[in-house]
Every structure is written in C-alpha cells, then in structure tokens.
Amino acid sequence: MGKYEVKAAGCRAVFLDRDGVVNRALERDEKPYPPTSLAEFEILPEVPAACARLKTAGYLLVVATNQPDVGRGTLSKGIVDTIHAYMTAHLPIDHVEVCFHAGQGLSDCDCRKPKPGMLRRAARELGIDLTQSWMVGDRWRDVDCGHAAGCKTIFIDRGYAEDLKRKPDFSARNLAGAVDIILSQSKTY
C-alpha cells in the first residue's frame, strides 16, 4: 500500500493506467511502450494537479498497470519498483497494482488487463466500491478491464494504432480532462 493508506467500506476510487496516463509512454510505430529506466519515466505535466483534485474530492487513487516485460525477461522488476517508488513519492497514489505476467499466450492469470483481477484485488484490500469507481486508461485493455470490474470508464485517446474493443463511457484528451468528467459525473451518481 502507498503512503496514503485508507480503508473504509464503500470507498470510491479512480484506477489509473500508468504508461500514457500518469507518465509519457514511449512511442514506436504508433504503439506505446513503457519506460525502461527511471531516466525515461516522465510524469505528464497535468497529472500532479489532476491527482490532487481527485484526492480533494475524496477518491482513492490506484495505479493498475500491466508490466509484461518483466515476465518476458526484458525488464527487471527492480527498475519497475524504482519507477513506482519515484511515482508514489511525487504523486498522492494510495496503492499500486502490477501484473508482471508475460501475456502473449505465455501466461494465464486473472490480473492482466483486460481481466479485472488487479481492480478486484485492490477493491478487497482497500474497501473500494467498484460500482462507484472509475478506470482511466489509454488502451482498449484498460477500457475492457474497467467494464469487467463494474467501473465507469474513461478512454484517453493518444492516437495509437489500435482499436477499442468496447466503447468507453467517456473519452478525454488527458488526465485533467478525465478528472473534469469524473468530478462532474460524481455529482449525478
């Protein structure tokens, strides 16, 4: 758990994908890739203020990220841990969920997005009401994961060369825009 530990039944949360939502994803051939070192990890400019607005509104912030390069042996878990330590030191993140499984048919787990295992695990641990929560991501896996967990979804369109499989509840240009949606919609739920 992060430094902002909170556990109360029925908490609302915003689940954030990491690469492309919290930090700048590395792009090659119109596809996103994770940073491979702390030097490549760049928190997007709007993210600190957006996270602060969500915390002020009473949301828990949970990063839910697939990091299959660890399972594939092309990135060390230590680098991911270093990146997450930096991220949680600079942002009011309550909890980080990571799937290190390789994917690509090499692993079968319940946590790799689009499966909802990471969100469900965080919900159990933190007392989160998934029906009052949001999943914000920049890939189809994030949208499908949020739907599967019973969350409302926001897609941040970064123009990647991949199609959505399910329609998100909302779309935004970046996390600041997603927060505007969440805060305006939370008044109606």
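Assuming a ≥ b ≥ c are the square roots of the Cα gyration tensor eigenvalues, decide whether the chain counts as rounded (a/c under 1.5), prolate (otherwise, with a/b larger than b/c) or oblate. Rounded.
Working note: Karplus 6.51/-1.76/1.60 with θ = phi - 60° gives segment 10-21 the couplings x, 5, 9, 9, 10, 8, 10, 5, 8, 5, x, 10 Hz, where Gly and Pro are set to x. Backbone amide hydrogens, once placed in the peptide plane, bring residue 171 within less than 5 Å of 155, excluding anything fewer than 5 places away on its chain. With contacts taken as Cα pairs under 8 Å at a separation of at least 6 residues, the chain carries a relative contact order of 26 percent. Please work out the Cα center distance from segment 120-189 to segment 48-78, rounded to the nearest Å. Segment 120-189 and segment 48-78 have Cα centres spaced 14 Å from each other. Phi angles across segment 156-161 convert, under the Karplus curve 6.51 cos²θ - 1.76 cosθ + 1.60 with θ = phi - 60°, into 3J(HN,Hα) values of 9, 7, 9, x, 5, 7 Hz, Gly and Pro given as x. Amide H contacts of residue 133 (H built 1.01 Å from N, in plane; Pro and chain starts excluded): 13, 152 sit under 5 Å, all sequence-distant by 5 or more or on other chains.
On full extension, the segment bounded by residue 165 and residue 27 gains 47.6 nm, given 0.36 nm per residue less the C-alpha separation.
Backbone phi angles across segment 54-62, fed through the Karplus curve with coefficients 6.51, -1.76 and 1.60 (θ = phi - 60°), yield HN-Hα couplings of 5, 5, 4, 7, x, 8, 7, 10, 10 Hz in residue order; Gly and Pro are listed as x.
Read-outs throughout are calculated quantities, based only on the coordinates presented, and are distinct from any laboratory measurement. Note that the structure is predicted; figures quoted are calculated from it, not measured.
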